[in-house]
Each structure stands twice: as C-alpha cells, then as structure tokens.
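K.L.:
Below you'll find the structure I mean.
The values are calculated or read from the model by the stated rules, or taken from the named source; none is laboratory data. Please read all numbers here as calculations on a predicted model, not as lab measurements. Don't worry about glycine lacking a Cβ; one is built from the backbone with ideal geometry, like all the others, and counts go over all protein chains shown. For accessibility, only protein heavy atoms count, side chains too; no ligands or nucleic acids. Shrake-Rupley method; radii C 1.70, N 1.55, O 1.52, S 1.80 Å.
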Amino acid sequence: IEGHTNTVTQIALSADGRLLASGSNDESARLWDLRTRTCLKTFLVHEGRVVSVAFSPDAKSLATGHVEKSLRLWNCADGTTALVARLRDGVHGICFLPEGDEMLASDGGGGICLYKVPRKFAPTSPVDTKKNSEASVVHWDRHEGRINSIAFDGSGGTVVSAGEDGTLSLTQMGSAVAVKRLNLQIPPRVSFFKFGPHDELICSDINTSDGPIDPSGNAWIQNLETGEVERFKTPIASPIIDFLLAPDGQTLLFAHTYGKISIRRRDRPAAVDIWDLHSD
C-alpha cells in the first residue's frame with residue numbers, strides 16, 4: 001500500500017480488521033480500507049511528524065501523536081479533529097481504554113497521562129494552541145527517559161509500558177486511577193512534614209490546634225491508608241526542630257531547641273525519655 005511520501009512510523013488495525021491507520025514522517029496520518037487497498041482519509045494539521053496512531057474501540061475515531069507534542073483525535077467519517085492536549089515532554093505512545101471514553105499517552109519524560117476523550121470535533125483550522133498536559137485526569141511516572149510504547153492487556157485492566165531505560169512497567173488501572181482522597185487533618189501552623197517508614201504522613205507545629213502559640217509544639221501522624229490521626233504533645237517547653245518515626249513504626253524521636261532530644265513510644269505514650277545532649 002503506497003501513499004505516504006516519507007517513512008511510516010507506526011500502524012494500527014481497527015478491531016474488525018477492516019481499517020488500517022498509518023502515521024508518517026510526512027506529517028500526515030492516513031486511513032486505509034484493507035479490502036480495496038485504498039486511502040479513505042488523509043489527516044494533516046502541520047504539527048510535525050506523526051509518531052503514534054491508535055483506533056478507538058469502535059473505530060469511529062483515530063488518535064494521533066505528533067512530534068510537536070500534540071495529542072489529537074480525528075473523526076474517521078468526516079476528517080474533523082479535536083486537540084486533546086499538548087504534552088510537555090512529547091507524545092510517544094497512545095492507547096484507548098476499553099470503554100473508549102478515556103485514553104492514555106506516554107511521553108518523553110517517562111510519564112503516562114490519562115485523558116478524557118473529547119466529543120466536539122471541528123475543521124483543522126484554526127489550531128488550538130492553549131491546551132497542555134495539565135488537562136490530564138491523572139499523571140504518573142513509570143520510567144527513566146521516554147516511554148516508547150504502551151498497550152493494554154486483553155482484559156483492559158493493566159497497561160504495559162516499554163521504556164527507553166530497557167524496562168517494562170505494568171500498571172493496574174483500577175488502583176492507579178481510583179485514587180483514594182483523604183481529608184488530611186493538618187495542624188494550623190506546620191513547621192515541617194515528611195513521610196514515615198510505612199507511608200505515614202508525619203508533621204509538627206508550633207501551636208495547639210485550637211489555641212494560642214504553645215512553644216512546646218505538637219506532633220501529628222496520619223495514616224494515609226485509613227485516615228486515622230494521632231496527636232502527641234511533647235513534654236519539653238521548646239519547639240520541635242525535627243521529628244522521626246523509627247523503622248519499627250512505634251518509636252518517636254523529637255529534636256528540640258536547647259540541645260534536647262525526647263523519645264517516646266506510640267504504644268506507651270506516657271513513657272518519655274529525655275536526653276540533654278547539647279548546650280544549644
């Protein structure tokens with residue numbers, strides 16, 4: 001089948017095997033009828049080489065990824081188009097979710113973005129240049145360097161990504177997309193925060209949650225799985241400079257001003273050990 005005037009970069013088949021899509025370095029994507037070996041449509045927007053193509057599950061739409069970082073959707077019937085996004089690190093792989101209402105794009109920075117499929121199509125001009133990767137529903141990093149290709153398994157529950165770093169990554173879409181949202185109970189004046197050894201959020205403040213500034217400070221631990229919050233009142237009247245949760249998940253270590261360290265256990269909150277190590 002001939003028609004492109006430069007290298008063909010990627011091809012895709014429709015689910016019924018009747019249509020072939022091709023992307024090319026000639027900046028166009030083409031839609032072919034495999035029974036007659038004829039070109040049905042040529043999709044061209046002058047946004048650089050077409051590096052990836054993918055059919056929607058019903059084959060009514062075609063997604064194209066362009067070297068100018070644009071991710072575009074085409075109506076296969078009339079050739080109208082919609083700009084899905086412009087990725088900051090460039091488009092390298094595309095695939096649709098099985099339901100056809102969302103799609104994934106991999107980029108040159110090792111990330112995968114999930115996008116809603118647009119429903120409004122228009123002629124190829126004027127070109128919308130305002131959209132960018134911030135339009136994604138979710139973004140997660142999977143590789144060092146670019147992701148060359150992405151694809152779903154047969155059930156559509158796992159997306160596989162092949163990276164320039166020589167690795168394959170398997171992402172379970174159910175857990176990756178259905179992010180649990182927690183109402184974090186953050187103290188009003190946070191002095192610092194970090195993560196604990198078991199994905200706890202730990203932080204400290206320099207005042208009580210509902211009163212005036214208290215120089216002794218408070219420590220807070222929030223379990224990011226359950227949302228459960230623990231608050232600890234330190235026994236030393238000096239601000240907390242640092243706060244660690246030991247690998248056992250039980251031992252708390254507080255560094256204070258005036259050279260003091262206090263140690264306590266979550267399972268025995270009344271037992272406190274105070275070390276006076278420094279003069280400042």
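K.L.:
Please give the length that would be gained between LYS116 and LEU170 if that part of the chain were fully extended, namely 0.36 nm times their separation in residues minus their C-alpha to C-alpha distance (nm, one decimal).
P.N.:
Values: separation 54, 0.36 × 54 = 19.44 nm, distance 2.13 nm.
Full extension from LYS116 to LEU170 adds 17.3 nm.
K.L.:
Determine ³J(HN,Hα), in whole Hz, for all residues of the stretch 253-261 in sequence, where each value follows from phi through the Karplus function 6.51 cos²θ - 1.76 cosθ + 1.60 and θ = phi - 60°; x replaces Gly and Pro.
P.N.:
Once θ is set to phi - 60°, the couplings for the stretch 253-261 become 10, 10, 9, 10, 5, 6, x, 10, 10 Hz.
K.L.:
Keeping all protein chains in place, calculate the accessible area per residue for the stretch 4-135 (probe 1.4 angstrom), answer in Å². Kindly include the intermediate steps, with their values, before the conclusion.
P.N.:
Details: 5980 Å² over 132 residues.
In whole numbers, the stretch 4-135 has 45 Å² accessible per residue.
K.L.:
Moving on. Counting Lys and Arg as +1 and Asp and Glu as -1, what is the net charge of the other residues whose Cβ lies under 10 Å from the Cβ of ALA21?
P.N.:
Details: positive: ARG30, LYS41; negative: none.
Net charge in that neighbourhood comes out at +2.
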